[in-house]
Amino acid sequence: MLKIAHPAFEEGDGAAGDSAHRWILRVMEAEGPAILRMLWRILGSDADVMDAYQDCFCKLASRGGGKDLASAKAYVYRTASNIAIEMVRSRNRRRVHLPAIAADRSADREDDPRAGVSLEEASGLQEAIPQLPSHLRQVVVLRDLCKMAYEEIGRVLSISPATARVYRRHAVVKLSELLGEESEDD
C-alpha cells in the first residue's frame, strides 16, 4: 500500500479535508499504474508523464472530495487524458511556431556560423523531412530535433538502437537526394 508521510494525510487528525485526501490516495492506489500507462502511450516521455500525473492529482486535490462525482474513475481518466492531450497540443503549437521565432531571431544575420545551417538549408530540410517514410522521419525527428540517444529512440519506437542508427543513415541519404546535394567526389 502506498504511504505518504505528510501531516495532511495522517489518519485520525479530524481535519475537514481528511476524507478527500484518503479518496485521492485510494484512487492513486487503484488506478495510478493504469493512468501512468495511458499517459505514457499519449506522451512518450517520462518527464511529461510525471508532470501530467501530478497535475491530474493536484486538480483532484483542489476539487475536494469525490462524493459529487457520478464516476470517480471516469473523472480521473478524463482529467489525465485531457491534461496529456493539452500537453501534446502545446508541443505541436511550439513546433509550428518555433521556425517563425527562429527566423525572427536571425533576421539580421542570414547565416549564423554557430548554427551551422543557413535559413535556406533549414527551410529546405523543413520541406524535405515530411517527405520521408514515417519510420525514417520518426528517427530523424527524435535523434536530430529532440536530441534523443539511440537507446531512447529504440525504446520509444520499439526497435533496437542499431536499427535506429540504420534508419537515421537511410534518412540522411534520402534527405540528401531530396535536397539535390551531390557528393563531393564528383
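The values are calculated or read from the model by the stated rules, or taken from the named source; none is laboratory data. Since we're looking at a predicted model, the values are computed, not measured. When we count neighbours, we look across all protein chains shown, and the Cβ atoms used for this are built from the backbone with ideal geometry, even at glycine.
Out of all the residues in region 116-127, is one or more under 30 Å from Arg155 (Cα atoms), exposed (fewer than 14 other Cβ atoms within 10 Å of the Cβ), over 25 Å from the mean Cα position of the chain (by Cα) and at pLDDT below 80?
Yes, region 116-127 contains a residue that is under 30 Å from Arg155 (Cα atoms), exposed (fewer than 14 other Cβ atoms within 10 Å of the Cβ), over 25 Å from the mean Cα position of the chain (by Cα) and at pLDDT below 80.
Out of Gly12, Gly44, which single residue is modelled with pLDDT of 80 or more and at positive phi?
None of the other options fit; the residue is Gly44.
Would you check which residues across region 173-186 are at pLDDT 80 or above and closer than 16 Å to Gln126 by Cβ and list them?
Once the filter is applied, which keeps residues that are at pLDDT 80 or above and closer than 16 Å to Gln126 by Cβ, region 173-186 yields Lys174, Leu175, Ser176, Leu178, Leu179, Gly180.
Just for region 128-143: of the residues that are farther than 23 Å from Trp40 by Cβ and under 21 Å from the mean Cα position of the chain (by Cα), which one is surrounded by the fewest Cβ atoms within 10 Å (Cβ to Cβ)?
Pro130
Provide a single number: the residues in region 128-146 that are at pLDDT 85 or above and in a loop (DSSP other than H, G, I, E, B).
2
Basic (Lys, Arg) and within 20 Å of Arg94 (Cβ to Cβ) - does that describe any residue in region 152-169?
Taking every residue of region 152-169 in turn, none turns out to be basic (Lys, Arg) and within 20 Å of Arg94 (Cβ to Cβ).
Check off (1) surrounded by 18 or more Cβ atoms within 10 Å (Cβ to Cβ); (2) of a type outside the set (A, V, I, L, M, F, W, C); (3) touching a Phe, Trp or Tyr at 6+ places or on another chain (Cβ under 6 Å) for Pro161 and give me the number that stays unchecked.
Among (1) surrounded by 18 or more Cβ atoms within 10 Å (Cβ to Cβ); (2) of a type outside the set (A, V, I, L, M, F, W, C); (3) touching a Phe, Trp or Tyr at 6+ places or on another chain (Cβ under 6 Å), Pro161 violates only (1).
Answer yes or no as to whether Arg155 is within 23 Å of Gly44 (Cβ to Cβ) and within 16 Å of the chain's Cα centre (by Cα).
Yes; evaluated as a whole, the condition is true for this residue.
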